[in-house]
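Okay, structure first, notes after.
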Amino acid sequence: MSMRVIRLGELASRSGKPGKLPVSAATVWRWVREGRLPKPFKIGPGTTVWNVDEVDAFLAKHSEGAQT
């Protein structure tokens, strides 16, 4: 089974292009630094990605917290 990955451009939202998260790229990087969002990894020079399953788990965890 291969790992699914997501790049920053698909993860963060930009003007006119929603991403998986409703936040900017700067917020994504800040959350990584703070340990709130899973750490990405490099798959090549200039190519950083996140594991989609880890991002989905992060979203599920935080959506549960928002509902309580």
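Candidate cross-link partners of LYS42 among the aspartates and glutamates, defined by an alpha-carbon separation under 20 Å and a same-chain spacing of 8 or more, comprise GLU10, GLU34, ASP53, GLU54, ASP56. What a 1.4 Å probe finds exposed on the range 1-57 is 56% carbon and sulfur by accessible area, rounded to a whole percent. The mean sequence distance of close C-alpha pairs (under 8 Å, at least 6 residues apart), as a share of the length of the chain, puts its relative contact order at 30 percent. Projected over all directions and averaged, the alpha-carbon convex hull of the chain occupies 5.6 nm². Straight-line cross-link reach from LYS39 at under 21 Å between alpha-carbon atoms covers these lysines, not counting any fewer than eight positions away in the same chain: LYS20, LYS61. In the context of the full set of protein chains, residues of the chain present 70 Å² of accessible surface per residue (probe radius 1.4 Å, heavy atoms only). Over the residues of the chain, the helix contribution to mean residue ellipticity at 222 nm works out to -13000 deg cm²/dmol, using -39500 (n - 2.57) for each DSSP H run of at least 4.
The values are calculated or read from the model by the stated rules, or taken from the named source; none is laboratory data. These numbers were taken from a predicted model, which means no experiment stands behind them. Ligands, DNA and RNA are stripped out before the accessible areas are found, and what is left, the full protein with its side chains, is counted by its heavy atoms. Shrake-Rupley method; radii C 1.70, N 1.55, O 1.52, S 1.80 Å.
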